[in-house]
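*Asks:* Quick one: the structure is below, questions incoming.
Just so it is clear, none of the values below were taken in a lab; they were calculated from the coordinates. Here the structure is a predicted model, which is why all the values come from computation and not from measurement. Here Cβ is always computed from backbone atoms with ideal geometry, including for glycine, and neighbour counts include all displayed protein chains.
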Amino acid sequence: FTEMPTDNFVESSFWNFDALFQPQQHPARDQHDTFFLQDPAEAPELPAGYTAKVKKVHSQGGYGSQGYKYEWRLEEARRNLLRTHTTSASARVLYQLARQEKFSPVKYFSIDRVFRNESLDATHLAEFHQVEGVVADRGLTLGHLMGTLRQFFTKLGITQLRFKPAYNPYTEPSMEVFSYHKGLKKWVEVGNSGVFRP
Amino acid sequence: DEEFNELCFEFGLELDEITSEKDIISKEKGEEKAKGASDTVLYKIDVPANRYDLLCLEGLVRGLQVFKERINLPRYEKIIPAQGEGQRLIITEETVQVRPHAVAAVLRNINFTKERYDSFIDLQEKLHQNICRRRALVAIGTHDLDTISGPFTFTAKAPSEIKFKPLNQSQEYTASQIMDLYRTDSHLRHYLHLIENKPLYPVIYDSNGVVLSMPPIINGDHTKISVNTRNVFVECTGTDITKAKIVLDIIVTMFSEYCEKPFSVEAAEVVYPNGKTHIYPELAYRKEKVKPELINKKIGISETPSSLAKLLTRMCLKSHVTGNGNNIEIEIPPTRADIIHACDIVEDAAIAYGYNNIQMTIPKTYTIANQLPLNKLTELLRLDLAAAGFTEALTFALCSQEDIADKLGMDISATKAVRIANPKTAEFQVARTTLLPGLLKTIAANRKMPLPLKLFEISDIVVKDPNTDVGARNYRHFCAVYYNKSPGFEIIHGLLDRVMQLLEVPPNEENGYTIKATEGSAFFPGRCAEIFAKGQSIGKLGVLHPDVITKFELTMPCSALEINIEPFV
């Protein structure tokens, strides 16, 4: 797995949400969960052609999808924030991959800081780190995803795994990964995953 | 309980907690208050954000029963009344300014019991919070049809012209008075701002001028429904027509179960300002065709087309095999507004198959792994700095304004810091432009540890930069501090030399590094130097000014070094 560049804490809503098919009215974009920036408040530059495609998919659909059918606003996508997940870096990297002349399969990873606007308590911090992995190739299946996750967690010493259906705006199917914690004597969530929507 | 937990897990729901009313009150208010509360077991279930049809008990049970193949998915029918007999909702053009869209339907001859009634009210609240985005996009109103007579008018009027008795109040109020009345209400005050400053407020009247409701704030008392209500008029108003339609569909499909003719909904006609009419609810059934190979391929299983069709039917997506057995036709019911692409169908097939039944395989993709050069450099430096006797720290990237400016003797405008618009506490006002405050705060929290305290951190700082596409960028900084009875400038200087040695940068001016004496607001005058390498200034080192030390609540002398390591990648 090759390491992705993630050295930008400041991200635009476009890369953090819109390019990942998260609708502009989604609660996570609310003031409560995201750190929006006062200064610089807006991203000066967004990729023009790609932005137009994202707008169309949200408002009208495309690539086989019905879309969300709402009015997509550019100002909302320009709003700067502190990234809420490293998937925004994955989105940038996949965009670069798409612009290559010839497709080559890739495996990417990153481990870096993300920010969520939450009150601090025993299990929540406003800043924490995420480990992220992306595999892109022809003919990948849900079984491959599960296999990769199983290998990854085995290397961390976690072997008892179960997968549960979940929901992410940008992946379908999505799975939450659960592992049995011998100390707590129950299944705890150790990860989230999914196959990116076409 | 175990069985139900398993079922939820398989289906994609999370059984959060098994509790009872008594337990809940005990936890919140103490055991005394819980006496007499119900002991019946309550399940708290977490429903995914895109499944509006599982938000009420009726929908949840229906979904699970179809999943377990105990019942067949009901067919929701729209009954269009004979000409002139149906209900009509007329929208006037004034609403365009404040809340343009409205849809309506009727639940005829419905049978409520206390539980069903509570569930009905509960679903409206849940939908309000979820898809309606706290009533901003859509607001739901349900009315006892027998207390009013159509045709109904949805219009907008000045606040002073609207007067009615709101739900559960004893007298009439004008709209402006209602705003004041609910300003302190813990529940409703959050919605007042949606229409408060508009010149006209939305309002729905019946043909006799009785107010049904003033969306999105409150319904009229006159039309309130009770356990004895037999005919319900449902209306949804809002700013997003797609969502209004979905919300209406969900409410009527869920509760039409209790109508005399189960799962049948009486349609209503909506008349637009331009004269066009539309029948609601839409209750659209959409047909999609998906190839079985696609589903098998995407999941990594190999099921026959007929077994795939059976799996999908279990997920409320009625399917059957068509063509020469090489295609599956799926009917998407109005309750599944979350199905917008073939991949949604693939996911449902996988869920029905059982995620944990899928064979795990490794992708045969061959790739060469690479580490990001910046991170590789950071890792190498980390190990050697620890070997030099310094301890690594990991601190927060967000801090208060004083931390990076006032406490270091600088003005905030000179720092080019990135500022947060909505911090929850003062501790998260800006993103750090230097690693120094983090390390000093770490020392302040560890004063009881034996001296000397030698800390370092290699991490990102954030500054505004007009040259990037978002307007800011990260720089990888390395910072070290030495805290002891004597400042130890020579130790910090020695550390710099060691780092340069590791980076293979010679100590000369032409192609290496030099240090020049300088003044720094955070440093002791005469004990500060600027470090130059690769043709640019990369940082400073020196003894910290006593003011800085005091402001961070420290008592001993301290020397510090901070450089940008990106030029060395």
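*Asks:* Roughly speaking, what is the stretch gain from residue B:161 to residue B:260, that is 0.36 nm per residue apart minus the C-alpha to C-alpha distance, in nm to one decimal? Let's see the in-between values first.
*Replies:* Values: separation 99, 0.36 × 99 = 35.64 nm, distance 3.97 nm.
Once the chain is fully extended between residue B:161 and residue B:260, it gains 31.7 nm.
*Asks:* Kindly provide the helix-only [θ] at 222 nm of chain A, computed as the sum of -39,500 (n - 2.57) over DSSP H runs of four or more divided by all residues, to the nearest 500 deg cm²/dmol?
*Replies:* Numbers: 5 runs with 48 residues, N = 198.
Mean residue ellipticity at 222 nm (helix-derived): -7000 deg cm²/dmol.
*Asks:* Let me ask you something else. Roughly how tilted is helix B:57-67, in degrees to the nearest 10 and between 0 and 90, from the longest Cα axis of chain B?
*Replies:* Tilt relative to chain B: about 90 degrees.
*Asks:* What's the Cα-based Rg to Rh of the stretch B:286-357, Rh via Kirkwood? Write down the numbers at each step before the final one.
*Replies:* On the way: Rg = 10.9 Å, Rh = 11.8 Å.
Expressed as Rg/Rh, it is 0.92.
*Asks:* I would also like to ask the following. For helix B:241-255, what angle does its Cα long axis make with the longest principal axis of chain B, in degrees from 0 to 90 and rounded to 10?
*Replies:* Result, in degrees: 60.
*Asks:* To continue, here is another question. With no solvent and one point per C-alpha, what does the Debye sum give as log10 I(q)/I(0) for the stretch A:2-138 at q = 0.13, 0.14, 0.21 Å⁻¹?
*Replies:* For the requested q values the scattering log ratios are -0.60, -0.70, -1.38.
*Asks:* Evaluate Rg over Rh across the stretch A:106-198, taking Cα atoms for both radii and Kirkwood's formula for Rh. Walk me through the intermediate numbers first.
*Replies:* On the way: Rg = 14.5 Å, Rh = 14.8 Å.
So for the stretch A:106-198, dividing Rg by the Kirkwood Rh gives 0.98.
*Asks:* Can I ask one more? Report the GluC sites (Glu not before Pro) located in the stretch B:443-523 that are in a DSSP loop and have at most 15 other Cβ atoms inside 10 Å of their Cβ, or state none.
*Replies:* Values: sites: B:457, B:490, B:504, B:509, B:510, B:519; in loops: B:504, B:509, B:510, B:519.
Hits after loop and neighbour filter: B:504, B:509, B:510, B:519.
*Asks:* Right, something else. Run the quick spin-label model on residue B:75 and residue B:293: label points 7 Å from Cα toward the beta carbon, then report their separation in nm to one decimal.
*Replies:* 3.3
*Asks:* Using 28 Å as the Cα-Cα cut-off, could you pick out the over-long pairs in A:55/B:245; A:164/B:44; B:243/B:297; B:44/B:297; A:69/B:416? The partial results should precede the final answer.
*Replies:* Working: A:55/B:245 22 Å; A:164/B:44 17 Å; B:243/B:297 33 Å; B:44/B:297 36 Å; A:69/B:416 40 Å.
Violating the 28 Å limit, Cα to Cα: B:243/B:297; B:44/B:297; A:69/B:416.
*Asks:* Separate question: Count neighbours as other Cβ atoms within 10 Å of each site's Cβ, and list the GluC sites (Glu not before Pro) in the stretch A:1-103 that are DSSP loop with at most 16 such neighbours. If you can, show how the numbers build up before the last one.
*Replies:* Values: sites: A:3, A:11, A:42, A:45, A:71, A:75, A:76, A:101; in loops: A:45, A:71, A:101.
Sparse-neighbourhood loop GluC sites (Glu not before Pro): A:45, A:71, A:101.
*Asks:* Right, another one. Roughly speaking, what is the stretch gain from residue B:226 to residue B:370, that is 0.36 nm per residue apart minus the C-alpha to C-alpha distance, in nm to one decimal? List each step's numbers first, then the result.
*Replies:* Numbers: separation 144, 0.36 × 144 = 51.84 nm, distance 6.65 nm.
Full extension from residue B:226 to residue B:370 adds 45.2 nm.
*Asks:* FRET efficiency for residue A:156 and residue B:121, Cβ-Cβ distance as r, R0 = 51 Å, nearest 0.05? Walk me through the numbers on the way to the answer.
*Replies:* Working: r = 47 Å, r/R0 = 0.91.
Calculated transfer efficiency: 0.65.
*Asks:* For the pair residue B:136 and residue A:138, what calculated FRET efficiency results from E = 1/(1 + (r/R0)^6), where r is the Cβ-Cβ distance and R0 = 35 Å, to the nearest 0.05? It would help to have the intermediate numbers written out before the result.
*Replies:* On the way: r = 43 Å, r/R0 = 1.22.
Step by step, r from the Cβ atoms, then E = 0.25.
*Asks:* Can you give the relative contact order of the stretch A:1-112 as a percent, counting alpha carbon pairs under 8 Å and 6+ residues apart?
*Replies:* Details: 132 pairs, mean separation 51.2, N = 112.
Averaging sequence separation for qualifying contacts and normalising by length gives 46 percent for the stretch A:1-112.
*Asks:* Tell me which GluC sites (Glu not before Pro) from the stretch B:222-260 have a DSSP coil assignment and no more than 14 other beta carbons within 10 Å of their own.
*Replies:* On the way: sites: B:235, B:257, B:260; in loops: B:260.
In loop regions of the stretch B:222-260 (DSSP not H, G, I, E or B), the sparsely surrounded GluC sites (Glu not before Pro) are B:260.
*Asks:* Turning to a different aspect of this structure: Add -39500 (n - 2.57) for each DSSP H run of 4 or more in chain B, then divide by its residues: what number comes out at 222 nm, to the nearest 500 deg cm²/dmol?
*Replies:* Helix-only estimate at 222 nm: -7500 deg cm²/dmol.
*Asks:* In what sequence do A:54, B:569 fall when counting other Cβ within 10 Å, fewest first?
*Replies:* With the sparsest Cβ surroundings first, the list reads B:569, A:54.
*Asks:* I want to check the label-to-label distance for residue B:302 and residue B:449. Put each point 7 Å from Cα in the C-beta direction and report it in nm to one decimal.
*Replies:* 6.0
*Asks:* In the structure shown, do any of B:407/B:485; B:163/B:224; B:78/B:318; A:102/B:364; B:126/B:157 have a Cα-Cα gap over 26 Å, and if so which? Mind showing how you got there, number by number?
*Replies:* Numbers: B:407/B:485 21 Å; B:163/B:224 17 Å; B:78/B:318 18 Å; A:102/B:364 19 Å; B:126/B:157 29 Å.
Correct reply: B:126/B:157.
*Asks:* Measure out, as a whole number of angstrom, how far apart the alpha-carbon centroids of the stretch B:169-234 and the stretch A:164-187 sit.
*Replies:* Measuring centre to centre over Cα atoms gives 42 Å.
*Asks:* Just tell me which aspartates and glutamates come within less than 15 Å, Cα to Cα, of residue B:22; anything on the same chain fewer than 8 places away is out.
*Replies:* B:31, B:32, B:39
*Asks:* Give me the three principal axis extents of the protein assembly as shown from the C-alpha atoms, as integers in angstrom, largest value leading.
*Replies:* Sorted from largest, the Cα extents of the protein assembly as shown read 96, 67, 59 Å.
*Asks:* Residue B:19 to residue B:109: FRET efficiency via 1/(1 + (r/R0)^6), r the Cβ-Cβ distance, R0 35 Å, to the nearest 0.05?
*Replies:* Values: r = 36 Å, r/R0 = 1.04.
According to the calculation, E is roughly 0.45.
*Asks:* Given an 8 Å cut-off on Cα distances and at least 6 residues of separation, report the relative contact order of chain A as a percent. Each step should come with its number before you reach the end.
*Replies:* Working: 307 pairs, mean separation 39.7, N = 198.
Relative contact order of chain A: 20 percent.
*Asks:* If we count other beta carbons within 10 Å of each Cβ, what is the order of B:263, B:120, B:396, fewest first?
*Replies:* Details: B:263 15, B:120 22, B:396 18.
Ascending number of Cβ neighbours within 10 Å: B:263, B:396, B:120.
*Asks:* Same structure again: Using the basic label-point model (7 angstrom from Cα toward the beta carbon), what is the residue B:327 to residue B:186 distance in nanometres?
*Replies:* 5.8
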